[in-house]
Amino acid sequence: MDELLLILHSTFRMSTPIALAAIGGIFAHRAGVLNVALEGMMLIGAFVGVMASFLTGSVIIAIIAAILSAIILGYIFSFFGITMKGNVIITGLAINTIVLGLTAYILQIFFGQRGVFSNPKIVGLKPLDIPILRDIPIIGDILNHHTPMVYISLISLFVAHFTLYHTKLGLYIRTVGEKEEAAHSVGLPVNRLKYTAVLIGAVLCGLGGINIALENVTMFVENMTTGRGFIALAAIFSGQGTPIGTFVFSFLFGFADALQIRLQDIDIPGAYIQMIPFLFIVVVLTIVGIFTVRGKTSRGFKNE
Amino acid sequence: MKRRKNNWLKSIFSSLIPVLLAFAVGSILIMIGGYSPIEAYSSLFIGALSNQNAIMNTLFASTPLILTGLATAIAFKANIYNMGVEGQLYLGAFAAAYLGFTLQGMPPFLHVAICLVGGAFVGMMFALVPAILKAFWNVNEMVVTLMLNYAAILFTTYLASFPFKAPGASNATTVDIMPSAELPRLFTGSQLNGGFIVAIGVFVLVWILMKKMKLGYEMNSIGRNNEFSEYVGMGVAKKIILIMSISGIVAGLAGVGEVLGTHRRFVAEFSPDYGWTGLTIALLGKHNPVGVLAGALLFGILKNGGSSMELMVGVPRSLIDVIQGLIILFLAVDFLNNQIGLTTKLKERFNRRKVA
Amino acid sequence: SGGSDSSSGEKVKIAMITSEGGLGDRSYNDSGNEGLKKASDELGAEVKVVEPQDVSEGEKYLTQLAQSGFDLVITLDLGHEKVLKEIAPQYPDTQFAIFNTVVEGDNITSVLFHEHEGSFLAGALAALVTQDESVNNLNGEKVISFVGGVDSPGINKFLVGYEEGAKHIDPETKVIVGYSNSFSDPSKGKEITLSQIEQKADVIYQVAGATGEGVIDGAKTKDVFAIGVDSDQDYIAEGNVLTSVMKRVDVAVFELSKAAQGGSYESIIELGLKENGVQLSEMKFTKDMINPDHIAKVEEIKEQIINGEIEVTDVTKQ
Amino acid sequence: MSTIKVVNLTKKFGDFVAIDGMNLEVNKGEIHAICGENGAGKSTLMNMLFGLLKPSSGQIFINGIEMHFQSPKEAIAQGIGMVHQHFKLVPSFTVYENVLLGEEIVKGFKIQRNTEYKEVQKTIDHYKFDLDANAKVQDISVGAQQRVEIIKMLHRNVDILILDEPSAVLTPQETDELLDNLIALKKLGKTIIIITHKLDEVKKCADRITVIRRGKYIGTVNNEGVTQQEIARMMVGRDVNLDLQKVEIERGKPILTIENVNAYNDIGAQILHDISMNVHEGEIVGIAGVEGNGQSYLMNALSGMLKIHSGEILYQNESIKGLNPRQLRDKGIGLVPEDRYLHGLNKTMSIKENIIAGYHWRPLFSKLGFLLNKEQDKHASKLAKQFDIRNSENMDIEVGSLSGGNAQKVVIAREMSMDPLLLILSQPTRGVDIGSIEFIHQQVLNSRKKKKAVIVISSELSEIMTLSDRIYVMYKGRIIGERVTKETTKEEIGVLMAGITGEEEKPHEEKEE
Ligand SMILES: Nc1ncnc2c1ncn2[C@@H]1O[C@H](COP(=O)(O)OP(=O)(O)OP(=O)(O)O)[C@@H](O)[C@H]1O
Ligand SMILES: Nc1ncnc2c1ncn2[C@@H]1O[C@H](COP(=O)(O)OP(=O)(O)OP(=O)(O)O)[C@@H](O)[C@H]1O
Ligand SMILES: [Mg+2]
Ligand SMILES: [Mg+2]
């Protein structure tokens, strides 16, 4: 029981960066823009957050700087992918490569550091002890004592859901993604909506970067996002672009990963244990697929 | 005839502009780092293209990318998001290595052939997993292939670390393959090997498949309109399985080439994201085999020239990554067409303002 | 065996190829780079460090460096062993050196570290300290742990030495093992560490590159001990890094550089506890926190290893 | 003063001139019909008026002021609304969401769904349209979707309403209601431009008629004093035979027999109930019915796209239940689906590629897995000529850039070229100009002459009456009547289509879909 609570507590920590990026990524996804630059946006957020924290000693400035940097990246992505109509997957992959190189390069030429940048002057964010939550049994054990971004990721879930389904912005974003001509024919600013969708994602990716670099640890490491942006992308697709579904899959992945860590001591090859989160997602999707397809009476696939 | 020439010129121009723009942005960064852009770029071209050895090494660097690019292009053409080329490559590579070091006393030609077939087969089998899940239960292939990549890398690393580790090796590698299984070097002084011939052979076959064969036509149709394709009896589910199998075969061969030609044993995590680079190349080449070939050569130049930039001028690796990223970024845009579109758009806005 | 042929007056030219991961790992490659810098400062050598993108580029780098007239070309990537064997004979005027593996050849020096020996000491110290409730937040339970970057022989060489050292002190010591599956994921490193601490581990040995930074951070958060690796990492979290298992790549590189300048090369250099090529850090911040008997005991074990009374397993030899 | 004035307007797509020096004046408060063959440029012209396309040259004046529309937004701001030929609706949204798109009712940030629903339903009821504002667009019939498009514009209170073939998918009653509505709107002072291929509608509502041909202005006439035949001649440039003569054919043995077929949709609702029917050699069987009464499902079931739950389908006395589309084609069944651009054609592939689809595996077109390019070219050129597909000099252009009628001819040509023993056509002439209708109908009758069996599913009653020997009427997923054409009247079938059998059966009450 205690063990389970610990795993769940850890699940929140592990799924937070994925959930933030994924929930942010939903908007671009729903606007019909495949954003593979989530990874790069998180990494730049992590990097700039650490730099700003180091230089100013202020976490607030660090957070703002991280968000801004991710937004700038979002603009570059949107400019090339939307305004210039470049292939968005290439654009996204290119941006990831650039961020990876650029962060390392800046670290090297301006700070004379390679690989790792850690310094006592970097101020991070600490876990919160929330008065009422603290006293609720079980729930308190799982949900209390997390860093701010964990709570922000939960809040962003509700905000994203509300925005997507109950506001004009959300409705327009979905329109653009599902049927661009419809948006065009009533004069919606198609490109501006796509920009906005990408930029919302950038903001949350910036926060994801903060979570990785200033909450979980307080340092920057080259490529420290290690593919979480792609896991987030997988969560979006698995959750079919709905905030709740996407969050569930981010959470499931975090859970499987937390579980995996605890199972490593079992006496079977580590590789098999480490595969758990990845195979777990495949299995879940397959089960969902089997149930969905069961009642199907029409032949073939729908166009995307 | 005249028109064709024009198109040809146009495509040269449209790929030259982004490269030049990327170089321009890159030179700013190079200067910030205190290096000379001219020196850096000339070392890039000298290293990649200046003499026979340089060119051979560029082709060598392109070899796995031709194959991973084609593997991705085949699937993408049919609108199947096979992002699992990396994983398929690893399993194909391991299979080839296994056949390469276990089978003994084989005539070289036969041994190589067996390794090629074995690696291709394993690549295919692994690609079948997402294909079947997609075909039967409509499970998103992009997610499945992304996830299975991790599993494949973990699995092959495990194999090379434990059951098949070379005795005495302190890293995760298998023993060497038999000399009979090696793809020979084509020239001395360069790493270019028989793998390149394999890649070119596959390129020709894929070109024929996509341009001349019935299946190529069906791939194109499925890629553009699934429902139509089903309606006219193409049996989309079965075709998905078939197309993914071919994609897996080509991805597997990419791994085989690396094992038989380059490393001559299996080395855990040997691929510097060949699969992902292949994906970029497939998209840059617009899923067209010739485009993929051109893209792979470009990346070969960048990789080989990039190392020269480091070796000769000392430009740090990280900056080379940035420049490569910039080139890809600018290449994502169809400049010539959009450029014109952009200027007319600006002109229109300007005119409108004048009127108002 | 062959000597350097750089005539006096000319600067000796030395190049070093990093292993994958490159510079900035705050351990292996960086340590090598330290040695090289020292060679440049003290010996006036002309030095160059290069970082290939992947292991298949080894041949190109080795060839081009040899062709560019370097007197000594050191590769830290043991993945280059095969190509080195083929290339070295073509450039008899260049001396080559490779680390962590043995490659035979007239102009090749192989440098081997006995990391398992250093790890053995770390394991012994960890097993002693974990039972001591008086320092930090340590519990009395005999549980220690290990975080590796990947589950592979190169990493497990450290693990097995560590385990043997711990069992040598107390066979009941439990060693929890975790792998992060990445060398650049400090978050994950920390998470694994926290999970191990929850399972009562209170001394955690990390062999995981930058991921290990997260391990140290985790130990600091829970105020228990981490053990650093490769270089002296004690300063990263003062008082929470019990010790570091140092692998003196810098020493080896410097020694090679000296040979390049005029001495003669050996074909195999083995660096273990005996040669001070592998050693524990001086424990600047922790020495006073723990029972001096423990340190004495570790010192004693070190002597036993050096004189062969204790033999530590090297898994890569299997 | 004219509300809309177009001067010397030209639109080029590459080298192709779609609109060539067009002049047009539309008066305020009139209903102005635009007529022309498929591909004449009607939609292109209207899209320029609505800001969706930018003219290559020429001027557009709205109320005397020259306009340079950059987007529909600016056109809407000038009070211009357009109902498009190809729907611009978001499938997963509800009807009311689509209607109000861009004009949501919000309180704070929150969209007031309930209010929106009520408001839109009110508009729908006001215009007496048969629509549920709460239904999702993807779940309603094509006809209903068209109604959503019209409501969308009516709800926006535009001054100038452009309707591009609004009645193509409406039932006769709905069309009548629509026309009445348009006349009522005109009386409110609105200006209406309507594009339609149905000359009787033009006669019923228009004040003036402009005819264009191949991108050029032909002329504008007053509705009064012009006959349908005259308009048709202006459009086509020759006399059009609107009444085809059917020769007597001895009907042969049964080709297709359907027995008690039942089917369900993906969410488990029954969509076909006990369907039984048959068709014989040398016979054309029509399936009449108001759009959305299960005809599409029947078509899907016959094309192998829908799983049949129970019942039997016999083709030449052999069960073809559960066969896939390819097997059906190989048995000699030709299929012309209802949705041209979804199932009938691959919009972004060339004419040549489209014209062999579904038959490309035949030895005629491929050998040992290779496509025979020459044969394919020959075949495509032959059919283009035979079926009068315009633009046929270039078989490599995308089918998507063909006009609706020509695109439909590509489908018809493909399916007929293999001489199928059984030809099933669904809405074969939807949105097709009169010249092409005549042509397609002639082709169908030729098949009958060659003793083939034909099923025509159409919501166009006159089409059913012209072509069929026998008629089945579908209502709510059932066949509620069977008549021999010669022994029935348009009126009788119309009554059946409304669900009234007049016999022992009562109109079916239960609501489906
Ligand atoms: N939020 C934004 N931030 C920065 N630039 C933007 C933003 N939104 C749009 N742009 C830029 O301004 C251009 C015009 O935007 P606008 O919203 O008017 O596009 P639009 O109405 O969809 O255009 P059209 O419909 O004519 O294609 C975009 O193409 C983009 O380059
Ligand atoms: N985007 C485009 N690119 C190239 N050609 C086009 C494009 N749009 C239309 N055309 C061509 O312009 C001509 C006019 O097309 P348009 O759609 O305006 O015809 P239409 O009169 O509306 O026909 P229909 O009655 O079939 O709707 C056609 O020949 C068509 O092929
Ligand atoms: Mg203890
Ligand atoms: Mg039209």
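The values are calculated or read from the model by the stated rules, or taken from the named source; none is laboratory data. None of the values given here were measured: they were computed from a predicted structure. Reconstructed Cβ throughout: ideal geometry from the backbone, glycine too, with neighbour counts over all protein chains shown. Accessible surface areas use protein heavy atoms only, side chains included; no ligands, DNA or RNA. Shrake-Rupley method; radii C 1.70, N 1.55, O 1.52, S 1.80 Å.
The number of residues in the range A:170-188 being open to solvent by less than 20 Å² (accessible area, probe 1.4 Å), part of a helix (DSSP H, G or I) and either at pLDDT below 95 or facing chain D (nearest Cβ under 7 Å) (or both) comes to 5. Within the range C:277-292, being touching a residue at least 12 places away in the same chain (Cβ under 8 Å) and open to solvent by 80 Å² or more (accessible area, probe 1.4 Å) holds for C:Glu282, C:Lys284.
Looking at A:Ala213, is it over 21 Å from A:Val36 (Cα atoms) and either within 13 Å of the chain's Cα centre (by Cα) or more than 16 Å from ligand 1 (Cβ to nearest atom) (or both)? Spelling it out, it is not the case that A:Ala213 is over 21 Å from A:Val36 (Cα atoms) and either within 13 Å of the chain's Cα centre (by Cα) or more than 16 Å from ligand 1 (Cβ to nearest atom) (or both). The residue of the range A:268-287 that is surrounded by the most Cβ atoms within 10 Å (Cβ to Cβ), among those that are farther than 19 Å from A:Ser15 by Cβ and more than 7 Å from chain B (Cβ to nearest Cβ), is A:Gly270.
Answer with yes or no whether B:Thr173 is within 29 Å of C:Ser182 (Cα to Cα), facing chain A (nearest Cβ under 10 Å), in contact (Cβ under 8 Å) with a residue 60 or more places away in the chain and crowded, with 24+ Cβ neighbours inside 10 Å. No, not satisfied. One residue stands out in the range D:344-371 among those that are open to solvent by 50 Å² or more (accessible area, probe 1.4 Å) and facing chain B (nearest Cβ under 10 Å): the one that is nearest to the chain's Cα centre (by Cα), namely D:Lys347. From the list A:Ile95, A:Ile89, A:Ile76, pick out the single residue that is in a helix (DSSP H, G or I) and either at pLDDT below 95 or away from chain B (no Cβ under 11 Å) (or both). Only one candidate qualifies: A:Ile89. When the range B:21-40 is limited to residues that are open to solvent by 30 Å² or more (accessible area, probe 1.4 Å) and free of Cβ contacts under 8 Å to residues at least 60 places away in the same chain, the one that is farthest from the other protein chains (Cβ to nearest Cβ) turns out to be B:Ile38. Residues considered: A:Phe54, A:Phe27, A:Phe12, A:Phe47. Of these, the only one that is among the hydrophobic types (A, V, I, L, M, F, W, C), surrounded by 22 or more Cβ atoms within 10 Å (Cβ to Cβ) and more than 27 Å from B:Leu329 (Cα to Cα) is A:Phe12.
Using the structure shown, decide if B:Gly47 is of a type in the set (Gly, Ala, Ser), within 13 Å of another protein chain (Cβ to nearest Cβ) and in a helix (DSSP H, G or I). It is true that B:Gly47 is of a type in the set (Gly, Ala, Ser), within 13 Å of another protein chain (Cβ to nearest Cβ) and in a helix (DSSP H, G or I). Does any residue of the range C:144-152 turn out to be away from ligand 3 (no atom under 16 Å from the Cβ), in contact (Cβ under 8 Å) with a residue 40 or more places away in the chain and under 30 Å from C:Glu59 (Cα atoms)? Checked the range C:144-152: at least one residue is away from ligand 3 (no atom under 16 Å from the Cβ), in contact (Cβ under 8 Å) with a residue 40 or more places away in the chain and under 30 Å from C:Glu59 (Cα atoms). Scanning the range C:189-232 for residues that are within 13 Å of chain A (Cβ to nearest Cβ), more than 22 Å from the chain's Cα centre (by Cα) and not basic (Lys, Arg) turns up C:Glu191, C:Leu194, C:Ser195, C:Gln196, C:Ile197, C:Glu198, C:Gln199, C:Ala201, C:Thr221.
Okay, residues lined up against (1) in contact (Cβ under 8 Å) with a residue 24 or more places away in the chain; (2) under 19 Å from D:Leu402 (Cβ atoms):
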position: D:Lys11; (1), (2): yes, yes
position: D:Asp15; (1), (2): no, yes
position: D:Asp20; (1), (2): yes, yes
position: D:Glu37; (1), (2): yes, yes
position: D:Pro55; (1), (2): yes, no
position: D:Asn63; (1), (2): yes, no
position: D:His68; (1), (2): no, no
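Restricting attention to the range A:156-169, report how many residues are touching a Lys or Arg at 6+ places or on another chain (Cβ under 9 Å), assigned to a helix (DSSP H, G or I) and facing chain D (nearest Cβ under 7 Å). Within the range A:156-169, residues that are touching a Lys or Arg at 6+ places or on another chain (Cβ under 9 Å), assigned to a helix (DSSP H, G or I) and facing chain D (nearest Cβ under 7 Å) number 1.
A single entry from C:Leu194, C:Leu121 fulfils the requirement of being closer than 27 Å to A:Phe255 by Cα, out of contact with any Phe, Trp or Tyr (no Cβ under 8 Å at 6 or more places or on another chain) and away from ligand 1 (no atom under 16 Å from the Cβ): C:Leu194.
Summed over the range A:246-286, residues that are small (Gly, Ala, Ser) and within 23 Å of the chain's Cα centre (by Cα) total 4.
Within the range A:189-228, work out how many residues are farther than 30 Å from C:Ile236 by Cα and away from chain D (no Cβ under 11 Å). Summing the residues that are farther than 30 Å from C:Ile236 by Cα and away from chain D (no Cβ under 11 Å) in the range A:189-228 gives 13. Within the range D:441-479, can you find the residues that are of a type in the set (Lys, Arg), farther than 22 Å from D:Tyr264 by Cα and outside any strand (DSSP E or B)? Within the range D:441-479, D:Arg448, D:Lys449, D:Lys450, D:Lys451, D:Lys452 meet the criteria. Taking the condition out of contact with any helix residue (DSSP H, G or I) (no Cβ under 9 Å at 6 or more places or on another chain), more than 25 Å from B:Met56 (Cα to Cα) and either more than 10 Å from every other protein chain (Cβ to nearest Cβ) or modelled with pLDDT under 95 (or both), does C:Asp41 pass? It is true that C:Asp41 is out of contact with any helix residue (DSSP H, G or I) (no Cβ under 9 Å at 6 or more places or on another chain), more than 25 Å from B:Met56 (Cα to Cα) and either more than 10 Å from every other protein chain (Cβ to nearest Cβ) or modelled with pLDDT under 95 (or both).
Of everything in the range C:104-114 that is touching a helix residue (DSSP H, G or I) at 6+ places or on another chain (Cβ under 6 Å) and open to solvent by less than 10 Å² (accessible area, probe 1.4 Å), the residue that is farthest from C:Leu280 (Cα to Cα) is C:Ile108.
Listed here are the residues, each with its yes/no results for (1) within 16 Å of ligand 4 (Cβ to nearest atom); (2) in contact (Cβ under 8 Å) with a residue 12 or more places away in the chain; (3) assigned to a loop (DSSP other than H, G, I, E, B); (4) more than 23 Å from A:His145 (Cα to Cα).
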| residue | (1), (2), (3), (4) |
| --- | --- |
| C:Ile176 | no, yes, no, yes |
| C:Ser182 | no, yes, yes, yes |
| C:Lys220 | no, yes, no, no |
| C:Asp232 | no, yes, yes, yes |
| C:Tyr235 | no, yes, no, yes |
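Applying the condition of being open to solvent by 10 Å² or more (accessible area, probe 1.4 Å) and within 23 Å of A:Thr11 (Cβ to Cβ) to the range C:192-212 and asking which residue is farthest from ligand 3 (Cβ to nearest atom) yields C:Leu194.
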